[in-house]
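The values are calculated or read from the model by the stated rules, or taken from the named source; none is laboratory data. Only a predicted model underlies this, so the values are computations on that prediction, with no experimental measurement involved. Note that we place each Cβ from the backbone using ideal geometry, even for glycine, and neighbour counts take in every protein chain shown. Quick note on the areas: whole protein, heavy atoms, side chains included, nothing else; ligands and nucleic acids left out. Shrake-Rupley method; radii C 1.70, N 1.55, O 1.52, S 1.80 Å.
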Amino acid sequence: MTARDTPIALFLADEAATIRLSEDLALALKAGDCLTLSGDLGAGKSSLARALIRAIADDPGLEVPSPTFTLVQSYDIRIPVSHFDLYRLADGSELEELGFDEALQNGICLVEWPEMAQHEMPEDRIVLALEHEGQGRRVTITAPEKKAERIERVLAIRTFLGGLGYETASRRFLTGDASLRAYEAVYPATGGRKILMDWPPLPEGPPVLDGKPYPKVAHLAENAYPFVAIADALRERGFATPEIYGVDYPQGILLIEDLGTEGVLDGAGLPIAERYRESVACLAQLHGMQIPQDIPAGKDHIHHIPDFDRTAMKMEARLLLDWHLPWKRDGAAATEAERDEYLAIWDALIDQLAEAEKNLLLRDFHSPNIIWRGEKQGVQKIGLIDFQDAMIGPTSYDLASIAQDARVTIEPPLFRELMDGYLDIRRSQGGFDEASFLKSWAIMSAQRNCKLAGLWVRLLQRDGKPGYLKHMPRTLVYLRVALEHEALAPLREWCARAGIVTSES
């Protein structure tokens, strides 16, 4: 096993500290990891394994019997776990009969007494050794570089929580998203659940345009400053964004308010009309306010909200050319003439946005990022999250995001209701150019859906995530709706010739 030179060494003062370490490890381990537990009888191997399994299951009362006599005990939980006790193993070759290799392929293997099958243990295992030290335990962890980094990350988060007075808080996995951010539920002894955002800094990716990586061209947030700035600015104006309890900007760790767990979809994953109506009303109120482009992020930093500029719009729209069209044509790329015409059409459409209403746009205002708070009033009913990529640009983009939710089918009657509800509020605010807004909406809807039509294919072909392809039919229907506007006639004709959107799409 090639491991880093310096092991991770910890002192656990008592049983509570052992349980906390188990909770931390439960957040670091992934399917395919083998964690071996070594130490004398009574050193705490079984206690650590039991607490780790309960943490992954998020069930403190889960029965976790010792596998001393069965040799292996399996758990079908968030990540499947197989708990091996090899003390009674006669020969290491018997490990195969216990289904070790299959268990490791599908989940995590916890192995007590790994010495009984030392030569059968994976080379890239994580080795955890326990020994008595005074009234407590000394833990030494040795692991390959990447796995050690995962463990050190969860331990750094524990240190961060300690700095806020929550060192003994329980931690549970909550969710991860497509951007490599992860979220934990943190349960202090008092004060209710809080949310931990784990947003480690990432190395710059390869250049995609003008020598810049994708996040810089698309103006995606690369650190926590935009999240804090937008959260504070919106909350000061009466909107429901998470309060920031603590933030470590260099490490990318934030502890924030838990706005709730209810969303805007029912148990079958269908839109709840009332909640969508309130979401659109919240959006209309936001668009009626002018948000400064330079806003504070904490005490010592000013965040300049980027513009949704021509370069970003075209790069996103180009995903249809680069990914969707070849997929549609069984691998045949767009011709040079098709590319030139498509990009020229987008240049002309973006020119028409010059007079469009521009203000803060949240960018991903749709069902995954909306929390329903039915007990509140007005805009406080709508909890806003995942707004760190907000830009200054055509406000119509956000209305397209929610009225044509990428992950949920918004049927025509609800779509018209949402559009009418939004427009009614904006008219009442005065000074609203409805015709200009609707043209802008059509352009932004087309831009967003061209991007998504390519993104779903990229997720399939480049990232090995075929599940997103189920959204393609809906995306093409949404695109066809946008193309009905007279300003989109050139793009409508191009898409018809390319076979992307037809009357049957």
Taking segment 79-112 and keeping residues within 23 Å of residue 54 (Cβ to Cβ), in contact (Cβ under 8 Å) with a residue 60 or more places away in the chain and either out of contact with any helix residue (DSSP H, G or I) (no Cβ under 9 Å at 6 or more places or on another chain) or not acidic (Asp, Glu) (or both) leaves 104, 106, 107, 108, 109, 110, 111
Reported set for segment 138-157 where residues are surrounded by 19 or more Cβ atoms within 10 Å (Cβ to Cβ), more than 30 Å from residue 364 (Cβ to Cβ) and not hydroxyl-bearing (Ser, Thr, Tyr) is 139, 141, 143, 147, 148, 151
message: With the structure loaded, tell me whether residue 68 is in contact with a Lys or Arg (Cβ under 9 Å, 6 or more places away or on another chain), over 17 Å from residue 173 (Cα atoms) and part of a loop (DSSP other than H, G, I, E, B) or whether it fails that test.
response: yes
Picking from 21, 52, the residue that is out of contact with any Pro (no Cβ under 8 Å at 6 or more places or on another chain), within 21 Å of residue 153 (Cβ to Cβ) and free of Cβ contacts under 8 Å to residues at least 60 places away in the same chain would be 52
Note on residue 162: of the conditions (1) in contact (Cβ under 8 Å) with a residue 12 or more places away in the chain; (2) within 22 Å of residue 10 (Cα to Cα); (3) open to solvent by 20 Å² or more (accessible area, probe 1.4 Å); (4) out of contact with any Gly (no Cβ under 8 Å at 6 or more places or on another chain), unmet is (1)
Taking segment 198-209 and keeping residues in contact (Cβ under 8 Å) with a residue 24 or more places away in the chain and in a loop (DSSP other than H, G, I, E, B) leaves 199, 200, 201
Considering only strands (runs of 3 or more DSSP E) wholly within segment 251-346, the ones with at least 3 residues that are touching a residue at least 40 places away in the same chain (Cβ under 8 Å) and surrounded by 17 or more Cβ atoms within 10 Å (Cβ to Cβ) are 253-257
Taking segment 347-360 and keeping residues of a type in the set (A, V, I, L, M), open to solvent by less than 50 Å² (accessible area, probe 1.4 Å) and not in a helix (DSSP H, G or I) leaves 353, 356, 360
Of the residues in segment 441-459, those that are open to solvent by 10 Å² or more (accessible area, probe 1.4 Å), out of contact with any Phe, Trp or Tyr (no Cβ under 7 Å at 6 or more places or on another chain) and farther than 14 Å from residue 500 by Cβ come to 441, 455
For segment 385-431, the count of residues that are basic (Lys, Arg), assigned to a helix (DSSP H, G or I) and either in contact with a Pro (Cβ under 8 Å, 6 or more places away or on another chain) or under 21 Å from residue 476 (Cα atoms) (or both) equals 1
Considering segment 473-501, residues that are open to solvent by less than 10 Å² (accessible area, probe 1.4 Å) and under 19 Å from residue 403 (Cα atoms), and then whichever is farthest from the chain's Cα centre (by Cα), we arrive at 488
When segment 83-112 is checked residue by residue, the ones that are touching a Phe, Trp or Tyr at 6+ places or on another chain (Cβ under 9 Å) and among the charged types (D, E, K, R) are 85, 88, 112
Going through (1) open to solvent by less than 10 Å² (accessible area, probe 1.4 Å); (2) under 19 Å from residue 25 (Cα atoms); (3) of a type outside the set (Phe, Trp, Tyr) one by one, residue 104 fails only at (1)
If you go through 491, 469, the only one that is at pLDDT 95 or above, closer than 18 Å to residue 315 by Cβ and in a helix (DSSP H, G or I) is 491
Residues of segment 104-113 being at pLDDT below 95 and small (Gly, Ala, Ser), in sequence order, are none
Residue match in segment 381-401 (condition: of a type in the set (A, V, I, L, M) and open to solvent by 20 Å² or more (accessible area, probe 1.4 Å)): yes
Flagged in segment 176-217 as open to solvent by 60 Å² or more (accessible area, probe 1.4 Å), modelled with pLDDT of 80 or more and within 17 Å of the chain's Cα centre (by Cα), in numbering order, are 201
When restricted to 347, 364, 351, 386, the only residue in contact with a helix residue (DSSP H, G or I) (Cβ under 8 Å, 6 or more places away or on another chain) and within 15 Å of residue 443 (Cα to Cα) is 347
Residue 119: passes all of (1) touching a residue at least 40 places away in the same chain (Cβ under 8 Å); (2) of a type outside the set (A, V, I, L, M, F, W, C); (3) within 29 Å of residue 42 (Cα to Cα) but (1)
Within segment 218-250, the residues that are at pLDDT below 90 and open to solvent by 40 Å² or more (accessible area, probe 1.4 Å) are 219, 220, 222
Just one listed residue, out of 88, 78, is within 24 Å of residue 180 (Cα to Cα), open to solvent by 20 Å² or more (accessible area, probe 1.4 Å) and assigned to a loop (DSSP other than H, G, I, E, B), and it is 78
query: Quick check: anything in segment 51-60 touching a Gly at 6+ places or on another chain (Cβ under 9 Å) and more than 21 Å from residue 10 (Cβ to Cβ)?
result: no
